Amino acid sequence: MNAIPEPLPPCILFDMDNTLYDFFHAKNAACARVADLAGVGSGAELFRYFLNGTHGFEHHHNIRDYLSDHGVFSESLYIKGCRVYEEEKVASLHLYPGVKETIHALHERGVKLAIVTDAESPQAETRMQAIGLRQYFDTVVTPDISGKRKPNPDTFLTALDHLGETPGVSWVVGDSPKREIEPGNALGMKTIYARYGDWIGIPYPQIVPNYSIQSFTEIKTIFGLE
């Protein structure tokens, strides 16, 4: 990390899940609740349904398939399963150390902040309220707002348009090399790879961020906010 701090940019775009908080843990906890409710299988097994790509990583139809495959599906169990899944997922969101302090410091110094996420707007807004950070962010850009999902550049360009800024003066922070760092680099933004949140861990040696951090608080060091 450079000894000379970077000048504060006019704006920073942040990914949400696994960048601000451990969404992998929250998702696993939610899946475990559903498996316990159904009395079959395990949370780890249900989690794999969300990963298989049939319905997408957020869709409740993964729960429907899980219950059906175990022969316990009923409409009432499905509805209850979806409810406890959402309740546990939100209740299990815990900020990484130093996130609130760092976001507050950036906000206090006039840096415009935005979220770029593939969660739909209702989910994104619920999570941001639950973790107590929504008031710091000027905009939350989701696929139903931008019309695209990451790594499509429209997600990032929509956020920058909302902030009235351009890629060349902006930064993006995220845990996915493919979904945040590569498109950020291509747009000419400066990029911070949140390595601590990359639970998938697939190496992409050709994708090189400006900075790679092991904890969120290192952002304060990058910008000399300590």
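Just a few scattered comments:
- Charge dipole (the chain, unit charges on Cβ, about Cα centre) - positive-most of 90, 210, 136: 210
- Residues of type lysines that residue 80 reaches as a straight line, Cα spacing below 28 Å, ignoring anything fewer than 8 places off in the same chain: 27, 89
- Of 28, 52, 62, the residue with the greatest mean-square motion in the GNM of the chain, using alpha carbon springs below 10 Å, is 52.
- Once the convex hull of all Cα atoms in region 80-185 is built, its volume per residue stands at 111 Å³.
- The rule of thumb for compact globular proteins, 2.2 N^0.38 Å, goes into the C-alpha radius of gyration of the chain 1.07 times.
- Neighbour-count order for 92, 176, 121, fewest beta carbons within 10 angstrom listed first: 121, 92, 176
- Spatially, region 147-194 and region 33-109 are offset by 27 Å when compared through their Cα centroids.
- Shown here for region 142-226: chymotrypsin sites (Phe, Trp or Tyr not before Pro) in loop regions (DSSP other than H, G, I, E, B) with at most 15 other Cβ atoms within 10 Å, namely 199.
- Dipole moment magnitude, nearest 20 debye, region 24-91 about Cα centre, only Lys, Arg, Asp, Glu C-beta charged: 80
- Once the gyration tensor of the Cα atoms in region 24-91 is diagonalised, the equivalent ellipsoid follows with semi-axes of 15, 13, 11 Å, ordered largest first.
- Under a Gaussian network description of the chain, with springs only between Cα atoms under 10 Å, the residue in 194, 38, 159 that fluctuates furthest is 38.
- Computed on region 72-121, the Cα convex hull volume stands at 115 Å³ per residue.
- Kyte-Doolittle mean at least -1.0, axial Cα span of 18 Å or more - DSSP H helices of the chain: 23-38, 75-91
- Estimated translational D of region 128-194 in µm²/s (Stokes, Kirkwood radius over Cα pairs; 4 °C; 1.567 mPa s): 105
- Reachable lysines from residue 190, criterion Cα separation under 18 angstrom, eight or more residues apart if same chain: 112, 150, 178, 220
- The residues 19, 166, when put in order of fewest to most other Cβ atoms within 10 Å, stand as 166, 19.
- Ratio of Rg to Rh for region 1-131: 1.10 [Cα atoms; Kirkwood radius as inverse mean 1/r over pairs].
The numbers here are math on the coordinates, done by the rules we state, and not lab data. Since we're looking at a predicted model, the values are computed, not measured. Here Cβ is always computed from backbone atoms with ideal geometry, including for glycine, and neighbour counts include all displayed protein chains.
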